[in-house]
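The values are calculated or read from the model by the stated rules, or taken from the named source; none is laboratory data. Everything quoted here is computed from the prediction, not taken from an experiment. Using ideal geometry, Cβ is built from the backbone for each residue, glycine included, and neighbour counts are taken over all protein chains shown.
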């Protein structure tokens, strides 16, 4: 038969597991990333796939030769770019089981376990994060695992469009009058969702920041909603961000939700990166006001040890997504579905098929416990506080924004951006740390986003040494 | 640190791999699915996640107790429902490596290898399937791995909307005049894509079947396009299906593409299940006319040994998806992207983040070779031909449609649907085979979709015995 038999798999998979263990053990001694010439990886492949089967043991050699030198090492302790993408070894155990089972969980009946483990772990996490019973499956709402916060924002918008239309959206589509409210710091995935949903750029309304902040001004929001509504436009959704990508800013969720509700608009909270920190009591304020919102998203695959993809997405009304998204052809009709006693997650997402993603999240919860998760989060927040303190005390550097959890935005003290650009290039060229940029008020800024699995004080010290010995700082002083 | 260290992982992952090998080895002796009481899996979980870490070895016991008895066993040789979801052990090796590397491939620069392996393997498969150089990255088009054919259809539609609008769609959204053309056999994901894109049900035009077929009538399509265009409507996309979900019907791609092109509409081919069969010369006719279409989708995660998710999606114009979907905030700006020398796959999909899905596909191509894949496909097609022959010769059964590749649609010879419904229930109650229904011309029909990894002649014989000893057939005769 054209697959491995279980004994061949056992032997080979042990080898593959060993490869992973060795790769992770040796990761810190490699650069975070290499200089890769575009096309060089593709050039290592023949134009035509091989006709005959090849040894799977040899594939690991190919991976060593072709892939490893051209990877960007998100699991490296010196990776502080973008936001982290924790592919913990704990979660990979869950992935192994999920792959071995291999269900396709589009309907409850196509794998009751796949569906119900997802319900159970999202309920547990709703409680652990302090979202409240209203967001659990036992409380009339419920959680799901989406592939990304982008997709979560999209389905939130679709549910909001359906609700705002009084149920006509499914038949007649969008009217062009619908409006979605964000800020200049809101993640680009919201603009993408607005585009995908057919509203176009004109459907997006950018609410100003409150004075002296980078967070949504709820008074300005209220005024925009009022004006738009009076002009016959339809406020459909407001997105409040808890921990923006640029600077980690936290919008005032409560005030936003109140303003949105007064116009019947859906409030979605995008807490993709920061939301998981609400597991810690001292960061529970991140979910303040959540009892007033319609949906909440945070990514277990960023900073919560769970390999991509595992975006956690909760809604207060469990019927909202199926009402917007359900479609049942004859080949998907099912008595369990008809009974109303089960959740069919296909109606909570755009794709039909779905993997058993809850298994890796369960492995993380089981293997680390909430205590382990909190220790992970707190460790990185402490690193950021330490770095921010050093930046404040350094004559050549300055904070470009207040640090937020594990994110520090800094730049070289200078009148122009040249030295900061130079500093970023120099740090990244060392291969010992990898940072990424953003812009604040038109100025170029370096983001340091701690959060990789094995980043510790030693890596902060190494980063600090690299930063402070840079000629870019000297040149600016 | 709150993750396993590599040595702990090595030890535990060997155990997990052994669990998978044992599970697969014992799969055929279990039922395909069990009767599961809704809520019973959730009931095995505490309301609150544990505070303290627990032994990860013990998680396997929990999986045995809670998950295994409540799974629907898509990898079981008696699974002939829906379409297959081949989670081959070969592809799981690729998943192990992908998880160990753990990149997030949103941009080329965030893992050049993740992006370029995907380019290389989709180029190889474009050639192996006979799509032609135009669909390769070296030929001006290119392939990508989407999570599902649903998502592929959606992004095809978004690119089509952008193109049809002359580039205004990104700014002003849909106008309500756009129309998408399908048949009653087209997969529901197309209707879902039309809904998601904001066109509503009214945006969907159902083209009649050609007389005596269940395939799109290209003359009727041409007439509808003409009438719609003359009324100021905008034909945006036509979906031709190669292997419908209901009966495996194959739309006339060439004639459809010609009709669509004459109105500037995008032709998308949804060959989610059947397209992979074009690897075999004798089924190459499945891609006849593909040189005229704009996009083509087939799922490696159905019938091509690759664990979900791995939907292969090619476009003729590599700029079409980025033109529609690109959005670049400051924190994603990147010099490699700006150079134009690389593909950033985030612009080919709705989500921003992405896994290293190409790794498992590479493992399958490497470990099985095209020969192995063809043997896999041909084996199931032979089973379907054998079953269809037996049904034709049986006095109590009849084919409800011509068999298509590995799909057979049958029913009990009777004036009403009762006996066929009874037969399906009886077969599924045995636990030795699992079949799913569809409807043809309002009649209830049983689908037998061969394609599970280990299904062989012995499982066909077992199914045949179960079918033919059913009282439902006797009652009807």
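One table, with the values for the structure above:
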item	result
Qualifying residue in the stretch B:213-229 (condition: surrounded by fewer than 18 Cβ atoms within 10 Å (Cβ to Cβ), more than 25 Å from residue A:161 (Cβ to Cβ) and in contact with a helix residue (DSSP H, G or I) (Cβ under 7 Å, 6 or more places away or on another chain))	no
Odd one out for residue A:354 among (1) assigned to a helix (DSSP H, G or I); (2) under 20 Å from the mean Cα position of the chain (by Cα)	(1)
Number of the condition not met by residue A:134 [criteria: (1) farther than 30 Å from residue A:455 by Cα; (2) touching a residue at least 60 places away in the same chain (Cβ under 8 Å); (3) surrounded by 23 or more Cβ atoms within 10 Å (Cβ to Cβ)]	(3)
Qualifying residue in the stretch A:166-180 (condition: assigned by TED's automatic domain parsing to the domain that holds residue A:291, touching a helix residue (DSSP H, G or I) at 6+ places or on another chain (Cβ under 9 Å) and within 21 Å of residue B:349 (Cβ to Cβ))	yes
In the stretch B:24-43, the residues that are without any contact (Cβ under 8 Å) to a residue 40 or more places away in the chain and farther than 16 Å from residue A:97 by Cβ	B:29, B:35, B:36, B:37, B:38, B:39, B:40, B:42, B:43
Odd one out for residue B:162 among (1) farther than 21 Å from residue B:310 by Cα; (2) outside any helix (DSSP H, G or I)	(2)
Criterion: under 30 Å from residue B:248 (Cβ atoms), more than 10 Å from chain A (Cβ to nearest Cβ), in contact with a helix residue (DSSP H, G or I) (Cβ under 9 Å, 6 or more places away or on another chain) and without any contact (Cβ under 8 Å) to a residue 24 or more places away in the chain - qualifying residue of B:382, B:375	B:382
Selected residue [under 18 Å from residue A:111 (Cα atoms), in a helix (DSSP H, G or I), under 17 Å from the mean Cα position of the chain (by Cα) and in contact (Cβ under 8 Å) with a residue 40 or more places away in the chain] from A:302, A:360	A:360
Residue tally, condition free of Cβ contacts under 8 Å to residues at least 40 places away in the same chain and surrounded by fewer than 24 Cβ atoms within 10 Å (Cβ to Cβ), over the stretch A:166-187	6
Condition check for residue A:128: touching a helix residue (DSSP H, G or I) at 6+ places or on another chain (Cβ under 6 Å), touching a residue at least 60 places away in the same chain (Cβ under 8 Å) and more than 7 Å from chain B (Cβ to nearest Cβ)	no
Selection count, the stretch A:168-225, where residues are assigned to a loop (DSSP other than H, G, I, E, B) and more than 11 Å from chain B (Cβ to nearest Cβ)	10
Test: residue B:18 is within 18 Å of residue A:20 (Cα to Cα), at the interface with chain A (Cβ under 8 Å from one of its Cβ atoms) and free of Cβ contacts under 8 Å to residues at least 60 places away in the same chain	yes
Matching residues, the stretch B:15-41, being closer than 28 Å to residue A:334 by Cβ, more than 27 Å from the chain's Cα centre (by Cα) and surrounded by 19 or more Cβ atoms within 10 Å (Cβ to Cβ)	B:41
Test: residue in the stretch A:321-335 that is at the interface with chain B (Cβ under 10 Å from one of its Cβ atoms) and surrounded by 24 or more Cβ atoms within 10 Å (Cβ to Cβ)	yes
Looking only at the stretch A:347-358, and only at residues there that are under 20 Å from residue B:45 (Cβ atoms) and more than 9 Å from chain B (Cβ to nearest Cβ), the one that is surrounded by the most Cβ atoms within 10 Å (Cβ to Cβ)	A:358
Number of the exception - residue A:12 against (1) at the interface with chain B (Cβ under 7 Å from one of its Cβ atoms); (2) within 30 Å of residue B:16 (Cβ to Cβ); (3) surrounded by fewer than 15 Cβ atoms within 10 Å (Cβ to Cβ)	(3)
Hey, residue A:307 surrounded by fewer than 24 Cβ atoms within 10 Å (Cβ to Cβ) and within 14 Å of chain B (Cβ to nearest Cβ) or not	no
Test: residue B:277 is without any contact (Cβ under 8 Å) to a residue 40 or more places away in the chain and either farther than 30 Å from residue A:442 by Cα or in the same structural domain as residue B:214 (by TED's automatic domain parsing) (or both)	no
Residue B:393 being closer than 17 Å to residue B:462 by Cα and surrounded by fewer than 16 Cβ atoms within 10 Å (Cβ to Cβ)	no
Selection within the stretch B:279-297 - within 14 Å of chain A (Cβ to nearest Cβ) and either buried (at least 24 other Cβ atoms within 10 Å of the Cβ) or within 10 Å of the chain's Cα centre (by Cα) (or both)	B:297
Answer from B:60, B:93 - the residue that is over 30 Å from residue B:425 (Cβ atoms) and either surrounded by 24 or more Cβ atoms within 10 Å (Cβ to Cβ) or facing another protein chain (nearest Cβ under 7 Å) (or both)	B:93
Complete set of residues in the stretch B:136-153 that are under 23 Å from residue A:66 (Cβ atoms) and within 20 Å of the chain's Cα centre (by Cα)	B:142, B:143, B:144, B:145
Among (1) touching a residue at least 24 places away in the same chain (Cβ under 8 Å); (2) surrounded by fewer than 23 Cβ atoms within 10 Å (Cβ to Cβ); (3) within 13 Å of chain B (Cβ to nearest Cβ); (4) under 30 Å from residue A:438 (Cα atoms) - the single one residue A:344 does not satisfy	(4)
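So that you can scan it fast, the table gives a plain yes or no per residue for (1) at pLDDT 95 or above; (2) over 30 Å from residue A:96 (Cα atoms); (3) not in a helix (DSSP H, G or I):
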{"position": "A:232", "(1), (2), (3)": "yes, yes, yes"}
{"position": "A:248", "(1), (2), (3)": "yes, yes, yes"}
{"position": "A:267", "(1), (2), (3)": "yes, yes, yes"}
{"position": "A:272", "(1), (2), (3)": "yes, no, yes"}
{"position": "A:285", "(1), (2), (3)": "yes, yes, no"}
